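The values are calculated or read from the model by the stated rules, or taken from the named source; none is laboratory data. This structure is a prediction, so every number in the text was calculated from the model and none was measured. Don't worry about glycine lacking a Cβ; one is built from the backbone with ideal geometry, like all the others, and counts go over all protein chains shown. For accessibility, only protein heavy atoms count, side chains too; no ligands or nucleic acids. Shrake-Rupley method; radii C 1.70, N 1.55, O 1.52, S 1.80 Å.
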Amino acid sequence: MTEADLKRAISSISKSANQAGIKDSFFVGGYPRSMAMGLSLSDVHDLDIATASLGKATTLAGLVAEDLNATSELLHRTMSVRLVSGDLEMDFQGPMEDTHVSDYLHKIGIGSTPLTRNIYARDFTVNALAIHIVEPRILIDVTGRASKDIKAKMISSVMSPEESVPSNPLMITRADRKSVV
């Protein structure tokens, strides 16, 4: 995938969200992480998009699919829509309703919003950054730990390991894989 293809996709997503009035949508995961690390866009291999309102992920994915002539599929496990345009995959997620995450947020005294639930459901703090789609100039670090961990070159879980590893044991393998990158 070329940097130009990624820029076109980011532009299409931002333009479509703005035109449809989907203001509560965010790039999450690898793209914001790469931006925080100062990496080039050629280091981004996919885009994860989180929306806060029911149905908005599907609406946004439909608009982008039409604009980019992308193919789409519904991912039943996560109830997200995946678009494929050339070599680029884009996953559009609606609000997550994971009671495990909501309970954890309540326990640590953080408000349960669609964005905080999405961020705290992620495996590592370095994947827990967000960029607002309509206002993309600001990098959002909901946990307050992602930027610090990136600077320290540290991999740490968003939720405590006791909370996250039992429900996601593959994160141990992912942590090992990230530590050699």
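Across region 40-54, rounded Karplus estimates of 3J(HN,Hα) from the backbone phi angles (6.51 cos²θ - 1.76 cosθ + 1.60, θ = phi - 60°) give 7, 4, 5, 7, 8, 10, 7, 10, 10, 10, 10, 10, 9, 10, 4 Hz, Gly and Pro being marked x. For region 78-181, carbon and sulfur atoms together expose 57% of the accessible surface, with a 1.4 angstrom probe and every protein chain in place. What the chain shows is 53 Å² of accessible area per residue, with the surface traced by a 1.4 Å probe over protein heavy atoms. How far is helix 3-20 tilted off the main Cα axis of the chain, in degrees rounded to 10, range 0 to 90? Helix 3-20 sits roughly 80 degrees off the main axis of the chain.
Bridging of Lys107 to lysines at a Cα separation below 24 Å is possible for Lys148, once same-chain residues fewer than 8 apart are set aside.
Helical runs (DSSP H, four residues minimum) scored at -39500 (n - 2.57) apiece and divided by the length of the chain put the mean residue ellipticity at 222 nm at -12000 deg cm²/dmol.
Ordering Ile119, Gly109, Ser85 by the projection of their Cα atoms onto the charge dipole of region 50-121, which places +1 on the Cβ of Lys and Arg and -1 on the Cβ of Asp and Glu, puts Gly109 at the extreme positive end. Loop-located trypsin sites (Lys or Arg not before Pro) in region 94-148 (DSSP state other than H, G, I, E, B) with a sparse environment of at most 11 neighbouring Cβ atoms within 10 Å: Arg137.
Computed from Cα positions, the angle between helix 170-179 and the longest principal axis of the chain comes to roughly 80 degrees. Placing +1 on the Cβ of every Lys and Arg and -1 on the Cβ of every Asp and Glu, with nothing else charged, gives the chain a dipole about its Cα centre of roughly 460 debye.
Show which lysines lie in cross-link reach of Lys23 when reach means a straight Cα distance below 19 angstrom and same-chain residues fewer than eight apart are skipped. By straight Cα distance, Lys23 reaches Lys15, Lys56.
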